[in-house]
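Engineer: Take this structure, written in structure tokens, and hold onto it; I'll ask about it next.
What follows draws every value from the coordinates through simple rules; no lab data is involved. The structure presented is a predicted model; accordingly, all values stated were derived computationally and were not measured. Ideal geometry is used to build each Cβ from the backbone, glycine not excepted, and the neighbour counts take in all protein chains shown.
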Amino acid sequence: MNERKHMTARTRIKICGLTRPEDIQAVNEAKPDFCGFIVEFPKSRRNVTVDQLRKLREKLDENILPAGVFVNAPVELPAQLLNEGTIALAQLHGQEDEEYITRLKGMTDQLLIKAFSIKTEEDVEQALRSGADYILLDQGAGGTGETFDWNLVPSIKRPWFLAGGLGCDNLESAIHLLHPWAVDLSSSVETDGHKDPDKILKAVQAVRNIEEEI
């Protein structure tokens, strides 16, 4: 499945922050396009170690692309996990610059996502210049359930992920207004700090229903 070639109007969905076998079971049932694991970042309550990631990955449906989320990690870590096939994409969610992206691209031919905190039009312009395969626009502190000012987002021609405060209550408006290539959900599909299978299923179905209307 080469996502570089799929540039249709269909909106993809990523469920991020999986930590438990129950989470894998939930996404296997709901079948989002991507799922995300926050790797070796203990400051996050959704953190998993490399060993935990590998064990969770073993049970993941092969049709769901796993993304590793990294925050200022040594470049060797995402490179290794990409090259061994544990993850299909590396999502860079820290202060990784273009030099870091170039180094990582020199170590792997797999796909990279670079996340950007959007507070001004200049932030969007910087994101659009990124050398990553995909960009992700977020409000800054991931997993808080807050949106950023969507009026800052122009018509974007390259594939991009919309994140931050997305849930079943605003997915339709977000997709119709911004036409993101993919949407990324985390806290809105949780209950009491854990991924909720019913909420995951409803979110994925909501996106699938929206794409049928486009």
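Engineer: Using per-residue counts of other Cβ atoms within 10 Å, averaged over each peptide, order 166-177, 27-38 from highest down.
Structural biologist: Sorting 166-177, 27-38 by mean packing, highest first, produces 27-38, 166-177.
Engineer: For Rg and Dmax of the Cα atoms in Å, several values are listed as (1) 15.8, 43; (2) 17.7, 56; (3) 24.7, 113; flag the one computed from this structure.
Structural biologist: The value computed from this structure is option (1).
Engineer: Cβ under 12 Å from Ile87's Cβ, Ile87 left aside: what net charge do those residues give with Lys, Arg +1 and Asp, Glu -1?
Structural biologist: +1
Engineer: To continue, here is another question. Where both partners of a DSSP beta bridge lie in the chain, what percent of those bridges are antiparallel, to the nearest 5?
Structural biologist: 5 percent
Engineer: Could you check the spin-label model distance between Glu125 and Thr102? Points 7 Å from the Cα along Cα→Cβ, value in nm.
Structural biologist: In this crude label model, Glu125 to Thr102 measures out at 2.2 nm.
Engineer: Also, quick follow-up: In nm, to one decimal, how far is the Arg45 label point from the Glu58 one, both placed 7 Å along Cα→Cβ?
Structural biologist: Spacing of the two 7 Å Cα→Cβ label points: 2.9 nm.
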